[in-house]
Amino acid sequence: MAANVARTIRNHTLANVLAVPQLLDAWKTGLDKAHDDRLEYGGLVYEDGGVLHFKGPKKGAETFNMVEYVGKELPAGKNPIAVWHIHDEPGRVGACKPSDGDVSNARNQWGHMFYLVITGRTEPAKGFPGQNRFKDVAPAGSTFKAWYVGLENEKL
């Protein structure tokens, strides 16, 4: 697993987030649904008494409204740790990486959490322009990418 990111959220590392039971299965399920529906899916990881839990995948639309989702789905009094959404078109090169909007969201509105974009296609051998802004943290051998979008000055 490539989750060697130094940042912590409420004393939880990105490796802790990726170890949440059934989260990776939820991503796989969401990828299948996103591909079939041509819609984005998303979810969140939250803390309850020091233990991490997740919600999702929840069906969105052509884009996933994270603000609305977190507002409705985060249990009262619980601490959000990470948000994630799935890009829906594995055959479209632009969908297999975080968008410029994702990078902006991760660094601004969602900067107090880990921000992940799950995609069903690997990147081209030459990489993507601006790929230093995000890092694949999916477990080795995964059939998908889990892109962690870093903060402005975060070294990835």
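Values in this text are rule-based calculations from the coordinates and carry no lab data. Bear in mind that the values here come from a model prediction, so they are computed numbers and not experimental data. So basically every Cβ, Gly included, is an ideal-geometry build from the backbone, and we count neighbours across all protein chains shown.
Just a few scattered comments:
- Environment charge of Lys58, counting only residues whose C-beta is closer than 13 Å and scoring Lys/Arg +1, Asp/Glu -1: 0
- Summed residue charge, Cβ within 11 Å of Glu73's Cβ, Lys/Arg positive, Asp/Glu negative: +3
- Relative contact order %, the chain, counting alpha carbon pairs below 8 Å whose residues are six or more apart: 22
- Stokes-Einstein translational diffusion, the stretch 9-156 - Kirkwood Rh over all Cα pairs, 0.890 mPa s, 25 °C, in µm²/s: 161
- Around Glu154: net Lys/Arg minus Asp/Glu count, Cβ-Cβ under 14 Å: +4
- Fraction of antiparallel bridges per DSSP, the stretch 9-156 only, in percent to nearest 5: 80
- Exposed loop sites were defined as GluC sites (Glu not before Pro) in DSSP loop states (anything but H, G, I, E or B) carrying at most 10 other C-beta atoms within 10 Å; in the chain the longest segment without such a site runs 63-151.
- Qualifying trypsin sites (Lys or Arg not before Pro) for the stretch 25-73 [loop in DSSP, other Cβ within 10 Å: at most 12]: Arg38
- Set Lys55/Lys135; Lys97/Lys126; Lys33/Lys72; Lys72/Lys97 screened for pairs whose C-alpha atoms are more than 18 Å apart: Lys55/Lys135; Lys33/Lys72; Lys72/Lys97
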